[in-house]
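**Q** Sharing a structure, written as C-alpha cells. Questions coming.
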Amino acid sequence: MQMQLVVGRIVRPHGILGEVVVDVRTDEPGERFVPGSVLVTDPGRRAAPGVPPTLTIETVRPHQNRLLVVFDGVYDRDLADGLRGVLLCVDSADVPTNDDPDEFSDFELVGLAAVSPEGETYGEVVRIDHAPSSDLLVLRRPDGRNALVPFVKAIVPEVDVAGGRVVVTPPEGLFDL
C-alpha cells in the first residue's frame, strides 16, 4: 500500500528572506533534506492560499535541533509565513526497505491487527505516536475508543507485517485507561 509519509513540519519563518524552521520527523534527515529534494505538501493544507503541491529544497542548514530550509520560489517572510504548519511528505514507494528485522516504518504498522498471543483481537493500529521515551501504537479498539500501547519488545513481542498483525501482551489494566 502506497501512502504519504511525513518527514517534517514547517514551524515558522526565520528571518526575512524566506527561510523556514522545520521540525524533522524522519530518521533519515540527511537523505530527505538535501538541496534539490522535492517534498510533497500535506494534502489537507493545499487548500490554503499559496501552498503548492510540492516544495523543492534550495538550501538547508542545522539550527537548534531543527533545520532551516529555503524552498525554491519562497524568498520573503510573507511567503514563508504562509507555509506555517505545513507537513512535508515523501511517497512510501520512495523509501528503501529496511533490513533490520526489529525496525519498522510507521506506514508498515498502520492497518495491522493487534492481537493477543492466543489470537484475541485488541484492535487495529491506526497511527504511531512518537513519544520521548518510546513510540506508542495507537489502537482503535473494537468499541471505537483508542488505546495507547508502548511499542517495546516486552509488550509487543512480535510484528508480522506480512501476516497483517502485531502480537500484544498488555500489562494488566492497559486497556482500562
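**Q** Any chance segment 119-139 includes a residue that's without any contact (Cβ under 8 Å) to a residue 24 or more places away in the chain, of a type outside the set (F, W, Y) and in contact with a helix residue (DSSP H, G or I) (Cβ under 7 Å, 6 or more places away or on another chain)?
**A** Scanning segment 119-139, I find at least one residue that is without any contact (Cβ under 8 Å) to a residue 24 or more places away in the chain, of a type outside the set (F, W, Y) and in contact with a helix residue (DSSP H, G or I) (Cβ under 7 Å, 6 or more places away or on another chain), so the answer is yes.
**Q** While we're on this one: How do the pairs read when you match residues in segment 73-84 that are free of Cβ contacts under 8 Å to residues at least 60 places away in the same chain with residues anywhere that are β-branched (V, I, T), using Cβ under 7 Å and keeping only pairs 6 or more apart or on different chains?
**A** Matching pairs, first to second residue: G82/V51.
**Q** Give segment 144-177 a look and list any residue that's β-branched (V, I, T), assigned to a strand (DSSP E or B), touching a residue at least 40 places away in the same chain (Cβ under 8 Å) and in contact with a Leu (Cβ under 9 Å, 6 or more places away or on another chain), or say none.
**A** To start, the set of residues in segment 144-177 that are β-branched (V, I, T) comprises 149, 152, 155-156, 159, 161, 166-169.
Right, trim to assigned to a strand (DSSP E or B) and you get 149, 159, 166-167.
After this cut, where a residue has to be touching a residue at least 40 places away in the same chain (Cβ under 8 Å) as well, the list is 159, 166-167.
Listed by number, the residues that qualify are V159, V166.
**Q** Follow-up question, since we're still on this one. For segment 46-73, give me each residue that is modelled with pLDDT of 95 or more and touching a Gly at 6+ places or on another chain (Cβ under 6 Å).
**A** V70
**Q** Could I ask something else about it? Pick out the one residue from L79, L88, L139 that is within 23 Å of V7 (Cα to Cα), touching a Gly at 6+ places or on another chain (Cβ under 7 Å), modelled with pLDDT of 95 or more and among the hydrophobic types (A, V, I, L, M, F, W, C).
**A** L139
**Q** Take residues that are out of contact with any Lys or Arg (no Cβ under 8 Å at 6 or more places or on another chain) and β-branched (V, I, T) and tell me which of the strands (runs of 3 or more DSSP E) falling wholly in segment 1-91 contain 1 or more.
**A** 38-41, 54-63, 66-71
**Q** Has segment 149-172 got at least one residue that is of a type in the set (A, V, I, L, M, F, W, C), crowded, with 16+ Cβ neighbours inside 10 Å and within 27 Å of L39 (Cβ to Cβ)?
**A** Yes: segment 149-172 contains one or more residues that are of a type in the set (A, V, I, L, M, F, W, C), crowded, with 16+ Cβ neighbours inside 10 Å and within 27 Å of L39 (Cβ to Cβ).
The values are calculated or read from the model by the stated rules, or taken from the named source; none is laboratory data. Please read all numbers here as calculations on a predicted model, not as lab measurements. So basically every Cβ, Gly included, is an ideal-geometry build from the backbone, and we count neighbours across all protein chains shown.
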